[in-house]
Structures are given as C-alpha cells and as structure tokens.
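See below for the structure under consideration.
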Amino acid sequence: MIPFPAQYLLRFDDLCPTVSLQRWQRFLPMIEEFCPQPILAVVPDNQDPGLKLSPPDPQFWNRMRDLESAGATIGLHGYRHISSSHGRSLLPLHPTSEFAGVPENLQRQWIREGLRILRGHGLNPKIWVAPRHGLDRNTLRALQAEGIDLLSDGFARVPFARDGVTWIPQQLWEPVEKPNGLWTICVHPNTATDLQVARLHEFLSRHAEQITSVDRVLAEFPTAKLNLTERLYGTGTLWRIQASRLKKAIQHRFRKSDSD
C-alpha cells in the first residue's frame, strides 16, 4: 500500500573522518530537531581524494556512535569510494562505479572488510548504500552472504523485495513535496550550498510529522515484489533521470565549446 500522506526519510552520504567538518556541522542541529533517525552512509576506508576535504576529525567515530545511539541507521557506503569499474549497474545512472562489474568474491571481500571496520569503531551497519548507485546481482549475493539484506536505493513509492533483498527506495536529491509514497532524500553534506541547507530546514519544519525512519518503515510496510504499476513507475522515473542528466551534459558541453 502506498503511504498517504507522503513519508520522508533523510539520508546523508559520503560520511568519513575527512568529510568537510564545517559543512557537515550545518546539518547536526537540523537532525536533532527534526529527524533524529536518518540514514548515515559511512565510507569505511575512504580513498577518494574528492572526500578528503578536512583534516581527519578525531571525534568522527564518536559522533557517529552518538547519532546511532540517538536512533540513526548506519549505512555501509561501499568500501573505499573509488569508482573504477565500468560494469553495468542494476540502476544505470553512472558509467563507472565501485562495485558493479567486479567479481562476486572480491565484492564480498570488500563488504566483509567494510563491515569489520565499521563494527570495529563500535557501529552496527544495517543497510547498504552503493556509491553512485553502482550494484549488480553479484553485489546482492555478496551482501546476503555477509548478513546484509537491506539497501537504500531504487525507484518506487514503497519498499519492495528483489533478489532476496529488501529495497527502501531513494528517489530524491532535494526536498520535493509529494502527495503520497515513501521518499528518501539523499543529501551530500560536502557539496550542499547554504541555500540548499536552508531549503531543507524549511521543508523539514513544515513536514516534521511526516519524517520517518528505517525501523518504522520496516515495521509499517510489509515488503513484496513490485506490482506492474510500480515497476512501470520505476522505469519511467529512471528514464526521466537519465534524460535530465543527458540534457545537462549536452548543455555543459555546448557552454564549454562556446567559451573555448
């Protein structure tokens, strides 16, 4: 059943000890006030230079433990956040990814090591968050082999079951009012502008009673395979996102050409 009125989950990506501390701290009062149970997608062993924006924060892991104790769900956000594989993802939004196309045994090794690192810091990761939406059926088998059967991804308006895994959909990268459905808003603290932060705060203040959590979603919505209507909805959403990204890429190319 599609929830009415709409419910919203908040997910913060790319968290690691070298996250931009100044930018990340803008969200902490907002989490405390409106959504103490977000998904925190943590990179276990960050090797991505693009995420090395501050000196390593000696309090990072303490902060993550405190947020988890307050109700946040810890997500395993890949392993090292290095997107060097050109394999085709089940969600083909990017030409490269960290996991899609990588042999299953290596994916399982990375997942196992990522879980070991997070657990070694006193965290209890429950959900998989694929960098750049990059995952394939090898990923799903590797996750299940390592005891993870829940992920945050996919285009639908309800949680659903696919290939032995429960998918909690993630369809938004900014707050958008919806009449019904379950919507995960993905936030990248490193790149969010002050205007985007202000818009998110305003949205959450207006929809505070509609903010939900992973635990509530799992308790309130039994998961099953998507019906035809939701499959068509998901396919259409994927096409629209792909078309929008292609349009932006073409516009960027023309602007660059004009400036040369």
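Taken together, the values in this text are just the output of simple stated rules run on the coordinates, not laboratory data. Remember, it's a predicted structure, so these values are computed and weren't measured experimentally. In this analysis, Cβ positions are derived from the backbone assuming ideal geometry, glycine residues included, and neighbour counts consider all displayed protein chains.
Once the stretch 183-236 is narrowed to residues that are of a type in the set (Gly, Ala, Ser) and crowded, with 17+ Cβ neighbours inside 10 Å, the residue that is farthest from ARG162 (Cα to Cα) is ALA192.
The set of residues in the stretch 34-62 that are in contact with an Asp or Glu (Cβ under 8 Å, 6 or more places away or on another chain) and farther than 21 Å from SER97 by Cα contains only GLN37. Selection of the stretch 133-166 for residues being charged (D, E, K, R) and either crowded, with 21+ Cβ neighbours inside 10 Å or part of a helix (DSSP H, G or I) (or both) yields ASP136, ARG137, ARG141, ASP153, ARG157.
Within the stretch 123-130, the presence of at least one residue that is touching a residue at least 40 places away in the same chain (Cβ under 8 Å) and surrounded by fewer than 16 Cβ atoms within 10 Å (Cβ to Cβ) is confirmed.
If you filter the stretch 86-104 down to residues that are free of Cβ contacts under 8 Å to residues at least 60 places away in the same chain and of a type in the set (A, V, I, L, M), you find that the one that is surrounded by the fewest Cβ atoms within 10 Å (Cβ to Cβ) is LEU90.
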